[in-house]
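Trainee: This is the structure, below, for whatever I ask next.
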Ligand code: GLC
């Protein structure tokens, strides 16, 4: 056994001993093993670890080599440290075997893939899941998705997307948790815990909060567009969900395509080193987004990929996804003194550290069990988990005269619309290997729910082509029925990456179809399927009920049928504001007051001359089949110091006739303060379930960190002043009280 083998053997023994201990926090210390591995590496081997290559596409060895690379040769030469889009126990085992037996230093590969809302068992899109406001459920959802990915050879998911989004024209709003920083931070932490479990033990995978940072602030809502925001907005609105993810133990981050006020994230030292490393002590590694290093040439701050490589590695970006800027240029840059070996060593260490933490050095094949893959993918447990999330993500937006749940006496129901029996659309924008054949549509769900009723289906019109319509058949179906369920909205690929819309109204002839059906005189229950807030004032005005089902994933139809029948009582709450019109965008609840807040009787105030400035539905909004009464708001202390925590209690009573869940929400306003503050800010919430007539006193917390903000000196402080609290069922809550922060200890 030569020296190299001896060193490797001792590493394997050492890390396997630690693997068993890899349960508790904080992470075991692998620095000596990392030193040993690095002592075996040439500069070429080190640079190879920084290179991530997109393996073809598709699942298993039959997938096409879409990039034209000889992947096996790259591995044998030690020129690749990670693949994305290599999926499947068999394929990943084959590639890993080459890496750990034939490459120069035999370092295991890392396999990444976009498991955004499920790998084959497709869950609702993340924006829908955020409407559950249920952190335990969200953690369980992420854990279930991680288990499925783990058993397909996937080590690492490029998720969760934690970008705050205030502009529904931006298609990627579908992938995140909406417009609020506090809620988005809670959800980010829940998803990290679900994906990574307890220090990556068991069937868990590495998480990768993205896109770092402020990707959702793209001007005009146009993907990849310029972001120009203040340091205060960056730190108060867009960074906290990433900080929450890092604090929850995220092992990687992905940087964003966009610039931030002149510097693209991929080469942004302030972001990648000053904040992420020096302030947050992040110990994992950062991967670029697809070719984002190379795109700094188009941004106009790199002359070529060589300069891009220099700027990116020196800014602190560790792994290069698909530019090949590092593999092609770093050696020369070292020779020319433009990049130091120590800089490269630091990035290599970070990547090796994560590979050790994932246990790849002790068992490179722990994710490649083909027998388990056969049984663990798309099974009943995963479908059941998806259904629970889908049900809780449904948001009841309108229910005139309590027409829902559907009366049991109904015998004839018309199910109409382009999304009533569509399978692929329900998988949303990151369906990956979602099995379209296994999707339950709204029509199928209702047919299963009501085998004895006469259910008639009509297409009505296409989603987007106004010429493609068959209103007559739809009108006939409506005339022959007692009630219409109308499934309308967007195409599943109208949101997601590179899918900005200039109009967030319902596309095509769908609203015309709704108006035509109204003339039939039958009640219309609209089921909305969408990847973003939609401006639907006409629907809101004249529909009898509206249930927002988003793109609910593989179990969508069952969830919709359970809700419409009353077998499940909707409890979702919007995490984005629904505008009246695209022209109001950006519109979000935690806006500033301005010097001239809108006043109907004051022409010279901040409003529009052609439409209200108010939203169609506000942040936090969602109805139930039951009703809830809020009373007895109490604030523990009328005066506290800046170092103290205050508590707010409120009594909530279920005044309806259904057992139902409610999300109790606490907002604050600080006025006056050393800088202008949002009119309302969500600072705590609690989801409760009450039987009819049952009351519960809910306690909500305001600690110093929640009360702090960046003051006029850009110091993060809980400054003295008055705090007004609002508690209720959405961001317009009017039950309020006040307390004062008396000093600045
Ligand atoms: C895409 C997306 C990013 C994704 C990556 C790998 O361009 O921006 O979210 O994780 O490439 O597929």
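Every number in this text was worked out from the coordinates using simple rules, so none of it is lab data. This structure is a prediction, so every number in the text was calculated from the model and none was measured. Because the Cβ atoms are built from the backbone with ideal geometry, glycine has one as well, and the counts that use them run over all protein chains shown.
Trainee: Where does each of 716, 285 land when they are ranked from fewest to most other beta-carbon atoms within 10 angstrom?
Mentor: 716, 285
Trainee: Please grab the % of Cα pairs in the chain that end up more than 45 Å from each other.
Mentor: 25
Trainee: At a threshold of 8 angstrom on Cα-Cα distance, excluding pairs fewer than six apart, so keeping six or more, what relative contact order does the stretch 63-185 reach in percent?
Mentor: 25
Trainee: Here is a further query. The stretch 389-584: D in µm²/s via Stokes-Einstein (Kirkwood Rh, Cα pairs, 20 °C, 1.002 mPa s)?
Mentor: D = 130 µm²/s.
Trainee: Just to confirm the number: angle between the C-alpha axis of helix 135-150 and the first principal axis of the chain, 0 to 90 degrees, nearest 10?
Mentor: 50
Trainee: If you average the C-alpha positions of the stretch 247-267 and of the stretch 548-619 separately, how far apart do those two centres end up, in angstrom?
Mentor: The stretch 247-267 and the stretch 548-619 have Cα centres separated by 29 Å.
Trainee: Along each principal axis of its Cα atoms, how long is the stretch 147-213 end to end? Whole angstroms, biggest number first, please.
Mentor: Over the stretch 147-213, Cα extents along the principal axes are 38, 22, 18 Å.
Trainee: Along each of its three principal axes, how wide is the spread of alpha-carbon positions in the stretch 628-742, in whole angstrom units, largest first?
Mentor: Principal extents (Cα only, largest first): 52, 23, 18 Å.
Trainee: What distance in nm separates the two pseudo spin-label positions at residue 94 and residue 658, each 7 Å out from Cα along the beta-carbon direction?
Mentor: 5.1
Trainee: A further question follows. Counting DSSP beta bridges in the chain, what percent are antiparallel, to the nearest 5?
Mentor: 55
Trainee: What translational diffusion coefficient, to the nearest whole µm²/s, does the stretch 670-734 have by Stokes-Einstein, given a Kirkwood radius computed over alpha-carbon pairs, a temperature of 25 °C and 0.890 mPa s viscosity?
Mentor: The calculation lands on 176 µm²/s.
Trainee: Once the piece of chain linking residue 342 and residue 424 is laid out straight, how much longer is it, given 0.36 nm per residue of separation minus the C-alpha distance between them?
Mentor: 24.6 nm
Trainee: What percent of all Cα-Cα pairs in the stretch 160-256 falls in each 10 Å bin, counting up from 0?
Mentor: 18, 49, 26, 6, 0
Trainee: What is the gain in length, in nm to one decimal, between residue 705 and residue 379 on full extension, counting 0.36 nm per residue of separation less the C-alpha to C-alpha distance?
Mentor: 113.1 nm
Trainee: Using Cα atoms only, what is the angle between the long axis of helix 556-565 and the major principal axis of the chain, expressed in degrees (0 to 90) to the nearest 10?
Mentor: 30
Trainee: Here's another thing I want to ask about it. Rounded, prolate or oblate: which one fits the stretch 281-349, using the alpha carbon gyration tensor with axes a ≥ b ≥ c (rounded when a/c is under 1.5, else prolate when a/b beats b/c, else oblate)?
Mentor: Here the stretch 281-349 falls in the oblate category.
Trainee: Then there is this: How far apart, in nanometres, would the label points at residue 410 and residue 714 be if each is projected 7 angstrom from Cα along the Cα-to-Cβ direction?
Mentor: Modelled inter-label distance: 5.7 nm.
Trainee: Using Cα pairs closer than 8 Å and at least 6 residues apart in sequence, work out the relative contact order for the chain, in percent.
Mentor: 13
Trainee: For the stretch 218-264, report the convex hull volume of the alpha-carbon atoms normalised per residue, in Å³, without decimals.
Mentor: Cα convex hull per residue, to the nearest whole number: 83 Å³.
Trainee: Moving on. What angle, in degrees between 0 and 90 and rounded to the nearest 10, separates the Cα long axis of helix 325-335 from the longest principal axis of the Cα atoms of the chain?
Mentor: It is inclined by approximately 40 degrees.
Trainee: Expressed in nm to one decimal, what extension gain is obtained for the pair residue 468 and residue 233 from 0.36 nm per residue of sequence separation less their Cα-Cα distance?
Mentor: So the extension gain works out to 80.1 nm.
Trainee: Once the Cβ-Cβ distance between residue 602 and residue 519 is put in as r, and R0 is 45 Å, what FRET efficiency do you end up with, to the nearest 0.05?
Mentor: In this case the efficiency is close to 0.65.
Trainee: Which value in Å is the Kirkwood Rh of the stretch 453-513 over different Cα pairs?
Mentor: Evaluated on the stretch 453-513, it is 13.0 Å.
Trainee: Which shape class applies to the stretch 220-359: rounded if a/c is under 1.5, otherwise prolate when a/b exceeds b/c and oblate if not, where a ≥ b ≥ c are the square roots of the Cα gyration tensor eigenvalues?
Mentor: oblate
Trainee: With a/c under 1.5 counting as rounded, go ahead and sort the stretch 575-671 into rounded, prolate or oblate using the C-alpha gyration tensor (a ≥ b ≥ c being the square roots of the eigenvalues; past the cut-off, prolate if a/b is larger than b/c, else oblate).
Mentor: It comes out oblate by the Cα gyration axes.
Trainee: Which percent of Cα pairs goes in each bin when the distances of the stretch 86-146 are cut into 10 angstrom slices starting at zero?
Mentor: 19, 35, 21, 18, 6
Trainee: Then there is this: Quick check: Cα centre of the stretch 97-113 to Cα centre of the stretch 464-491, how many Å?
Mentor: If we compute the Cα centre of each part, the gap is 55 Å.
Trainee: For residue 592 and residue 303, what does the FRET efficiency come to when R0 = 41 Å and r is the distance between their Cβ atoms, rounded to the nearest 0.05?
Mentor: Given R0 = 41 Å and the Cβ-Cβ separation, E is 0.50.
Trainee: Grab every C-alpha pair in the stretch 539-608, bin the distances at 5 angstrom width from 0 up to the longest one, and report whole percents.
Mentor: 3, 11, 14, 17, 16, 11, 11, 6, 6, 3, 0
Trainee: Compute the Rg/Rh shape ratio of the stretch 362-480: radius of gyration over Kirkwood radius, all on alpha-carbon atoms.
Mentor: In the stretch 362-480, Rg relative to Rh is 1.09.
Trainee: For residue 279 and residue 629, what does the FRET efficiency come to when R0 = 45 Å and r is the distance between their Cβ atoms, rounded to the nearest 0.05?
Mentor: Efficiency at R0 = 45 Å is approximately 0.50.
Trainee: Further, regarding this structure: For the stretch 231-364, what is the relative contact order in percent, using Cα pairs closer than 8 Å and at least 6 residues apart in sequence?
Mentor: It comes to 22 percent, rounded to a whole number.
Trainee: Quick one: Cα centre-to-centre distance for the stretch 302-322 and the stretch 346-402, in angstrom?
Mentor: With the stretch 302-322 and the stretch 346-402 each reduced to a Cα centre, they are spaced 31 Å.
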